[in-house]
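Here, each number is a calculation from the coordinates, and none is a lab measurement. What you see is a predicted model; the values in this text were computed from it and never measured. Here the Cβ is made from the backbone with ideal geometry for all residues, glycine too, and neighbour counts use every protein chain on show.
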Amino acid sequence: MSPFTERAIAIIKSIPAGSVMTYGQIAKLCGSPRAARQVVRILHSMSKTHRLPWHRVINAQGKIGMSDDGSFQEQRFRLEQEGIEFSRENLIDLDRYQFHPDTDESPDDLL
């Protein structure tokens, strides 16, 4: 497993219930700010194996990135169960719900 993947998994596992992070935010914390799509691939291929809270990762606009209705509804339901509220436009308020890991903590500290 690559160091990027290991860091991403550790960061995703650290997102507390009731909070979200963005794909790009995770990529940046892993040292590759332009690797948001790689974070998507990690979530898609490793969520079950590593028991990742995949539903807590959203896009930079505060939207669920899933395009098919079933997956969208499942992610929304899981987030709402954790107390996250959505606007009428299906947006999550990032100022309110976005998780920012301790800035003194490097991704390697999470491993």
Legend entry - Contour minus Cα-Cα distance for Val40 and Gln81 (0.36 nm per residue): 12.5 nm
Legend entry - Listed peptides 12-20, 61-69 by packing density, highest first (mean Cβ within 10 Å): 12-20, 61-69
Inset, instruction - Rounded to whole Hz and in sequence order, give me ³J(HN,Hα) for segment 52-60 from the Karplus expression 6.51 cos²θ - 1.76 cosθ + 1.60, θ = phi - 60°, writing x for Gly and Pro. - result: 7, x, 4, 5, 8, 10, 10, 8, 5
Legend entry - Net lengthening on full extension, Ser32/Asn90 (0.36 nm per residue, minus Cα-Cα): 18.1 nm
Inset, instruction - With a 10 Å radius around each residue's Cβ, average the other Cβ atoms per peptide and rank 36-47, 89-100, highest first. - result: 36-47, 89-100
Legend entry - Sequence-distant residues sharing a close amide H with Val20 (under 5 Å, placed H): Gln98, Phe99
